[in-house]
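Visitor: Take this structure, written in C-alpha cells, and hold onto it; I'll ask about it next.
The values are calculated or read from the model by the stated rules, or taken from the named source; none is laboratory data. Everything quoted here is computed from the prediction, not taken from an experiment. With ideal geometry, Cβ positions are generated from the backbone for all residues, glycine too; neighbour counts draw on all protein chains shown. Quick note on the areas: whole protein, heavy atoms, side chains included, nothing else; ligands and nucleic acids left out. Shrake-Rupley method; radii C 1.70, N 1.55, O 1.52, S 1.80 Å.
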Amino acid sequence: MMLGVYLENITLVLLVAAVTLLASNYLHLYRLTKWLWESRKMSPPSAPGVWEHVYEGIYYLQRRNRNKRKNLGVLVKRFREGSEALPDALVVVDKEAKIVWCNRHARIEMGLKWPDDSGRRIDNLIRHPKFIEYFHSGDYHYPIEIPAPNNPNKTFEYRIMAYGEDQLLLIIRDVSRVSQLEEMRKDFVANVSHELRTPLTVINGYLEVLTVSDEQNPFVNKAMNEMGTQTKRMQALIEDLLILSKIEGSAERIYENTIDMSAMLKQVETEADALNKGKKHKILFKVDEQLVIFGVETEMRSACSNLIFNAIHYTPAGGTIKVLWKKRAGGAYFAVIDNGHGIEDKHIRRLTERFYRVDKARSRKTGGSGLGLSIVKHVLNHHNSYLNIESKVGKGSEFSFILPPELIYENSVDS
Ligand code: ADP
C-alpha cells in the first residue's frame, strides 16, 4: 500500500502483490501434492510460514499412522503364529460362506489351496449333508462329527463360532481315535450283552422247571426262588443294556415315521395297570388323542414307559400318578407327575447317568437296572429334546419333556 502511495499507483501495486501471493501459495500446494503422492521421502520439504505448520501436521499424522500399522502388523503376525501353532484346523468364513482365511492345518487336513481357495464357498468344499444342515442351521451350540472330506477313514469334529463382525470361525479337529474308542466301547457292551443273553435264558429256563415246591426242604425252595429272581434281574439289565446300545447307535431318521402317541400310551397304560396291582396307585392318563408326532416309536415307547414305571416303583402304595400328553407353548409336552418320595436336588443332576441310583437298596428291590433314565435321556436327545426333572422331597416328582414343534405331525383333513 505504502509502495503504491510512493509510486502513485496503488491498484497496480496491489494487483502485483496479490498475484505474487497467489503464485507462491500455488507453488507450495504443488510441492505438497508432489510430496504426498510422488515423493518416497517421509520428511517434508522445508517451507516458510503457515505452510511449515501444514507440512508438520501431515508429517505427524503420517508417523502416527505408520506406528499404528506397525503395531497392527505385529499383532496380526502374533495371531497367525498362534493359530498356526494350534493342533486344530481353522477356517474363517464371511457371511456369504466364502473363505476369508485358513491356517496351515486346514490346508493339510482339508486339502485347501491357499490363496487359490480364498473366496470359495465352504459349503462347496465340505459337501456332507450333515455339515450343510449344521452350517445353515445357525445353531452352533454343539459340534458335529462327520467323515473327513478327503479321507473317509478319518472322523472330523466341526465346531462353528461367531467371529468378528458377520464372520464365522470353523474349528476342525481330528477325532478319529476318540470315535474309534467310542465305537469299540459301544460294540463291546452290545456284544457282551448279546452273548450273555443266551446262557441266561438257558439258566432261567431250567430254574423255572426245577422250581417246584419241595415241602421237605425249605432252604432249597428259598434258594431256587432267589436264583430265579436274580436271573430275571440280570435278564432285565441285559435287555436294558441292549436297548441303550441300540438307541446310542441309532441312525434312524426321526422324520421318517409318525407315532400315534395316544395308541402307544394306551398299551403302556395296560402294562402299568398290571405293574400297579400290588401298589394300588390312582393312575390318571390325560392324553390329547389328536397329537401325533414324528419319531421312532420303539424308542419313544421305551422312554415313556420308563418314566411311568419309575413313578409306580418310587411312589409309596396308594399314591396318585398323572400322565399328561398335550400341545403346549414350545411343542408337544409329556409329563409324569407323582406324589412319591421325591428326590433331593443334589441327585437330580446325576439321575440320567448310567447306574446312578438315589437309594441303591430300594432300586434293587424294584428290580431296576439303573439304566432307565439313561435310556430316556438318549431317546430324547435323538428327538431333539431333553428330560426336565422337578422334585420335592416328601412331596413328589415331575419328569417331563417338550418335543420341538417341528416334530408335531399336523394331520390336516385334506392331506
Ligand atoms: P432304576 O432302574 O434304578 O429305576 P432309573 O435310571 O430309571 O434306574 O432311575 C434312577 C434313579 O432315579 C432311581 O434309582 C430312583 O432313585 C430315582 N427315580 C427315578 N424316578 C423316580 C421317581 N418318580 N421318584 C423318585 N425317584 C425316582
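Visitor: Give the residue, chosen from Glu38, Glu84, Glu52, that is among the acidic types (Asp, Glu) and within 30 Å of Arg104 (Cβ to Cβ).
Guide: None of the other options fit; the residue is Glu84.
Visitor: Taking Arg301 as meeting all but one of (1) closer than 20 Å to Ser385 by Cβ; (2) open to solvent by less than 20 Å² (accessible area, probe 1.4 Å); (3) part of a helix (DSSP H, G or I), write down the number of the exception.
Guide: In the conditions (1) closer than 20 Å to Ser385 by Cβ; (2) open to solvent by less than 20 Å² (accessible area, probe 1.4 Å); (3) part of a helix (DSSP H, G or I), Arg301 misses (2) alone.
Visitor: With the condition kept exactly as written, say whether any residue in the stretch 367-375 is in contact with a Lys or Arg (Cβ under 9 Å, 6 or more places away or on another chain) and more than 27 Å from Val296 (Cβ to Cβ).
Guide: Taking every residue of the stretch 367-375 in turn, none turns out to be in contact with a Lys or Arg (Cβ under 9 Å, 6 or more places away or on another chain) and more than 27 Å from Val296 (Cβ to Cβ).
Visitor: Taking the criterion of being under 18 Å from Gly367 (Cα atoms) and touching a helix residue (DSSP H, G or I) at 6+ places or on another chain (Cβ under 9 Å), would at least one residue in the stretch 210-218 satisfy it?
Guide: No; the residues of the stretch 210-218 include none that is under 18 Å from Gly367 (Cα atoms) and touching a helix residue (DSSP H, G or I) at 6+ places or on another chain (Cβ under 9 Å).
Visitor: Can you tell me how many residues in the stretch 377-389 are open to solvent by 20 Å² or more (accessible area, probe 1.4 Å) and away from the ligand (no atom under 11 Å from the Cβ)?
Guide: 6
Visitor: A further question follows. Can you work out which of the residues in the stretch 325-336 that are out of contact with any helix residue (DSSP H, G or I) (no Cβ under 8 Å at 6 or more places or on another chain) and under 17 Å from Val376 (Cα atoms) is farthest from the ligand (Cβ to nearest atom)?
Guide: Tyr333
Visitor: Looking at Tyr55, Tyr26, Tyr59, can you tell me which residue is at pLDDT 85 or above and either in contact with an Asp or Glu (Cβ under 9 Å, 6 or more places away or on another chain) or exposed (fewer than 11 other Cβ atoms within 10 Å of the Cβ) (or both)?
Guide: Every option except Tyr26 fails the conditions.
Visitor: Moving on to the next point. Just checking, which of Val54, Val92, Val100 is among the aliphatic types (A, V, I, L, M) and in a helix (DSSP H, G or I)?
Guide: From the options Val54, Val92, Val100, the qualifying one is Val54.
Visitor: All but one of (1) open to solvent by less than 80 Å² (accessible area, probe 1.4 Å); (2) of a type outside the set (Phe, Trp, Tyr); (3) not in a helix (DSSP H, G or I) hold for Ile238; state the number of the condition that does not hold.
Guide: Ile238 satisfies every listed condition except (3).
Visitor: Restricting to the stretch 338-376, what's the tally of residues that are more than 6 Å from the ligand (Cβ to nearest atom) and open to solvent by 60 Å² or more (accessible area, probe 1.4 Å)?
Guide: Looking only at that region, the number is 14.
Visitor: Against the condition among the small types (Gly, Ala, Ser) and open to solvent by 80 Å² or more (accessible area, probe 1.4 Å), how does Ser46 come out, does it pass?
Guide: yes
Visitor: Please list, ordered by first then second residue, the pairs with beta carbon atoms under 8 Å, 6 or more apart or interchain, first in the stretch 303-323 and among the aromatic types (Phe, Trp, Tyr), second near the ligand (Cβ under 7 Å from one of its atoms) and part of a strand (DSSP E or B).
Guide: Between residues of the stretch 303-323 that are among the aromatic types (Phe, Trp, Tyr) and residues that are near the ligand (Cβ under 7 Å from one of its atoms) and part of a strand (DSSP E or B), the close pairs are Tyr314/Asp338; Tyr314/Ser397.
Visitor: Let me ask something else. Any chance you could count how many residues in the stretch 241-266 are over 19 Å from Asp288 (Cβ atoms), surrounded by fewer than 18 Cβ atoms within 10 Å (Cβ to Cβ) and among the hydroxyl-bearing types (Ser, Thr, Tyr)?
Guide: The qualifying residues number 2.
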